[in-house]
Amino acid sequence: MGPVLGGLEKYTPLIKADPLPAASALGRGVRITYLGTNAYLLETRDTVILIDPYFSRQSLLRTALKLEPVGETNLVAQWLRDHRKIDAILVTHGHIDHLFDVPQIARATGATIIASATSVKLVESVGISAKQTRVVRPGSRIAIKNAVIHVFSAEHDRIFGVVPFNTPPKHLPPRKISDWVTGEPLAFLIEMGGKRIFINSGGRADKPVSLHSAPVDLAIVGVASGDAIGAFSQTIAQLHPRYILPSHQDDFFRPLRRGFVFLPLTNFPKVQRAAAENRGQLILLDYFRPWTLR
């Protein structure tokens, strides 16, 4: 899986990436690789954290009809050949586009899954041992090697007025896409490599979350819907980040191999305007192109 530019050509000046071949060398700071949707790999010399991995993208039709998901196990296995060392997997909530591929990756790497009670229940129902999971709640603080993870409450944005798949699953282990349910949404502040990185997957302007974590070096903030874009300014105004990275704005119903295309519900020009009202540099990352935050 090599670098692809996809639908980001118009915004090339905003794209951050390490110069090749230096991208393969871990030095100071945190190397960040965007894997699509809200998935990120964070690496220092001694600690590797994966967030919300999602390779097995389901089509919009399959999702709307709540059919059984189709796994891209070969694609996951291909990626894992070069990424066997993962210390922890953080999960913001239990939807399929955040949790579905976690069990396969956890089995292959032995990584600890750090997630809400609902998300942990889902992965344990498909055979992940409780020894490999860690239930967290807002206010939790966890040390993973030389990283410290702080957990915050979060809100899931609404799609056409409702939070999708927000009721208890009908089947365990999950059988249909709709069985991968929201649960308790979380946000994380990750301190590693001398940097402070915040990530959430969305939000709601009418339900602002109090973060009390400023300043941060990088704020990764989900903007997948009108709700989330509305909460974007509130979030970054609290965080005072050096860099602002909008997330979850690609079309995650398209196969990952087809490259980045903006999700129809996102409005990147509006995100740009909101970012301009706050201090911090707006940036973008393309699929599989590492960038080192120093």
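Of all residues in the stretch 155-173 being at pLDDT below 95 and at positive phi, which is surrounded by the most Cβ atoms within 10 Å (Cβ to Cβ)? Among residues in the stretch 155-173 that are at pLDDT below 95 and at positive phi, the one surrounded by the most Cβ atoms within 10 Å (Cβ to Cβ) is F160. The residues in the stretch 15-31 that are at pLDDT 95 or above and outside any loop (DSSP other than H, G, I, E, B) can be counted, and the count is 3. Of the listed requirements (1) farther than 24 Å from R45 by Cα; (2) surrounded by fewer than 24 Cβ atoms within 10 Å (Cβ to Cβ); (3) touching a residue at least 60 places away in the same chain (Cβ under 8 Å), G222 misses just one: (2).
When the residues of the stretch 133-154 are filtered to those that are touching an Asp or Glu at 6+ places or on another chain (Cβ under 9 Å) and not in a strand (DSSP E or B), the one that is surrounded by the most Cβ atoms within 10 Å (Cβ to Cβ) is A154.
Of all residues in the stretch 36-72, those being touching a strand residue (DSSP E or B) at 6+ places or on another chain (Cβ under 8 Å), within 17 Å of A106 (Cβ to Cβ) and buried (at least 22 other Cβ atoms within 10 Å of the Cβ) number 9. Checked against the criterion of being farther than 17 Å from Y40 by Cβ, hydroxyl-bearing (S, T, Y) and touching a strand residue (DSSP E or B) at 6+ places or on another chain (Cβ under 9 Å), the stretch 144-158 has at least one qualifying residue.
Looking at Y54, Y40, Y34 in this structure, which one is closer than 29 Å to T112 by Cβ, modelled with pLDDT of 95 or more, touching a His at 6+ places or on another chain (Cβ under 8 Å) and of a type in the set (F, W, Y)?
None of the other options fit; the residue is Y54.
The residue that is surrounded by the fewest Cβ atoms within 10 Å (Cβ to Cβ), among those in the stretch 94-114 that are out of contact with any strand residue (DSSP E or B) (no Cβ under 7 Å at 6 or more places or on another chain) and in contact (Cβ under 8 Å) with a residue 40 or more places away in the chain, is I96. Inside the stretch 59-75, can you point out the residues that are within 21 Å of the chain's Cα centre (by Cα) and under 19 Å from D250 (Cα atoms)? S59, L60, T63, E72, L75, listed by residue number. In the stretch 123-140, the residues that are touching a residue at least 12 places away in the same chain (Cβ under 8 Å) and under 16 Å from A108 (Cβ atoms) reach residues that are surrounded by 14 or more Cβ atoms within 10 Å (Cβ to Cβ) and basic (K, R) with C-beta atoms within less than 9 angstrom, at least six apart or across chains, in these pairs: G127/R107; I128/R107; Q132/R107. Per the conditions (1) in contact with a Leu (Cβ under 7 Å, 6 or more places away or on another chain); (2) closer than 30 Å to T73 by Cα; (3) modelled with pLDDT under 95; (4) not polar (S, T, N, Q), the sole criterion not satisfied by R257 is (1). Quick one: in the stretch 181-191, which of the residues that are surrounded by fewer than 23 Cβ atoms within 10 Å (Cβ to Cβ) and assigned to a strand (DSSP E or B) is nearest to the chain's Cα centre (by Cα)? Residue satisfying both the conditions and the ranking: L189. Which of (1) assigned to a loop (DSSP other than H, G, I, E, B); (2) modelled with pLDDT of 95 or more does H212 not meet, given it meets every other one? With (1) assigned to a loop (DSSP other than H, G, I, E, B); (2) modelled with pLDDT of 95 or more applied to H212, the lone miss is (2).
All of (1) surrounded by 20 or more Cβ atoms within 10 Å (Cβ to Cβ); (2) in contact (Cβ under 8 Å) with a residue 40 or more places away in the chain; (3) under 22 Å from A115 (Cα atoms); (4) not acidic (D, E) hold for S213 with one exception: (1).
The lone criterion from (1) more than 23 Å from L211 (Cβ to Cβ); (2) among the hydrophobic types (A, V, I, L, M, F, W, C); (3) buried (at least 17 other Cβ atoms within 10 Å of the Cβ) left unmet by V261 is number (3).
The values are calculated or read from the model by the stated rules, or taken from the named source; none is laboratory data. This is a predicted model, so every value here is computed, not measured. Don't worry about glycine lacking a Cβ; one is built from the backbone with ideal geometry, like all the others, and counts go over all protein chains shown.
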